[in-house]
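One structure is given here, and the rest of the page talks about it.
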Amino acid sequence: NPENALGVMCSGGTIANITALWTARNLAFPADEQFKGVVAEGLFQALKYYGYEGAAILVSKRGHYSISKAADVLGIGRDFLIAIDTDEDNRIDLEKLRIACSELKSKKIRIISIVGIAGSTETGSVDPLEEMAEIAESYHSHFHVDAAWGGPTLFSARYKSLLKGISKADSVTLDAHKQMYVPMGAGLVVFKDPSSV
Ligand SMILES: *Cc1c(COP(=O)(O)O)cnc(C)c1O
């Protein structure tokens, strides 16, 4: 069914993350009575129509550089990739995330996505995904989880609980060439709602 997609297979986690955040951007500025949607009219018209001054993506300071690449190619701008401080265990600081979200809201910046990390590339740390999902929901934002590296932990009966809350994600990135040992670049992005892509 060309109208539906549960996921996309691509060349790596970078394209998987960009695809997820592209979907998030498009869902944030949908078509409306007087507007054909950001897909047709572009970000400038989308912001004007919905009365925003900009759009942002939030992730912790441990976020992979592919997220800032996404902010660039999606027309949001790398300055609007907001990097939130982490705690002593390299997990996103929830209080700082909440403060950043409310500041963005007061500046009329649309939060298109909050990104949780399930296994950061340098430290292996997993963000508090459950709480992040709630924050994302309260801002009507897409909740993406970058599990490129740590995702296959879910296949372990012993360790899968480390990724508690990942089921609340709207989209998840997985890299088969990391812990699934596929010998060529193989990124995956899966979506909760098959009609969101
Ligand atoms: C490896 C990785 C990516 C994407 O990298 P690719 O080289 O494009 O597969 C994204 N996020 C995290 C957390 C990663 O570890």
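Values in this text are rule-based calculations from the coordinates and carry no lab data. Predicted model only: the values in this text are computed from it and were never measured. Because the Cβ atoms are built from the backbone with ideal geometry, glycine has one as well, and the counts that use them run over all protein chains shown.
Does residue 63 count as on the phi > 0 side of the Ramachandran plot and small (Gly, Ala, Ser)? Against the criterion (on the phi > 0 side of the Ramachandran plot and small (Gly, Ala, Ser)), residue 63 does not qualify. Is the stretch 136-143 home to any residue that is in contact (Cβ under 8 Å) with a residue 24 or more places away in the chain, farther than 20 Å from residue 19 by Cβ and in a strand (DSSP E or B)? No - not one qualifying residue is present in the stretch 136-143. Selection within the stretch 24-42: residues that are crowded, with 18+ Cβ neighbours inside 10 Å and either more than 14 Å from the chain's Cα centre (by Cα) or not aliphatic (A, V, I, L, M) (or both). The member of this set that is nearest to the ligand (Cβ to nearest atom) is 25. Number of residues in the stretch 98-118 that are out of contact with any His (no Cβ under 6 Å at 6 or more places or on another chain) and crowded, with 23+ Cβ neighbours inside 10 Å equals 7. Here the stretch 145-171 is the region considered, the condition is being outside any loop (DSSP other than H, G, I, E, B) and closer than 18 Å to residue 86 by Cα, and the residue that is farthest from the chain's Cα centre (by Cα) is 162.
Screening the stretch 58-82 for residues that are more than 18 Å from residue 131 (Cβ to Cβ) and among the aliphatic types (A, V, I, L, M) and picking the one that is surrounded by the fewest Cβ atoms within 10 Å (Cβ to Cβ) gives 73. Annotation: residue 87 fulfils all but one of (1) among the charged types (D, E, K, R); (2) over 16 Å from residue 63 (Cβ atoms); (3) surrounded by 13 or more Cβ atoms within 10 Å (Cβ to Cβ); the unmet one is (2).
In the stretch 169-189, the qualifying residues are those that are free of Cβ contacts under 8 Å to residues at least 24 places away in the same chain and either touching a Ser or Thr at 6+ places or on another chain (Cβ under 8 Å) or within 12 Å of the ligand (Cβ to nearest atom) (or both), and the one that is farthest from residue 65 (Cα to Cα) is 182. Selection of the stretch 33-86 for residues being over 17 Å from residue 116 (Cβ atoms) and in a strand (DSSP E or B) yields 35, 54, 55.
Applying a threshold of 9 Å to beta carbon distances and a minimum spacing of six or more residues, or different chains, the list of pairs starting in the stretch 148-168 at a residue that is more than 17 Å from residue 16 (Cβ to Cβ) and ending at one that is assigned to a loop (DSSP other than H, G, I, E, B) and among the basic types (Lys, Arg) reads 167/192; 168/192. Just to check your reading of the model, which residue among 78, 110 is over 18 Å from residue 164 (Cβ atoms) and either touching a Lys or Arg at 6+ places or on another chain (Cβ under 9 Å) or within 16 Å of the ligand (Cβ to nearest atom) (or both)? One residue alone meets the criteria, 78. Of all residues in the stretch 1-23, those satisfying the criterion of being within 16 Å of the ligand (Cβ to nearest atom), surrounded by 13 or more Cβ atoms within 10 Å (Cβ to Cβ) and outside any strand (DSSP E or B) are 12, 13, 14, 15, 16, 17, 18, 19, 20, 21, 22.
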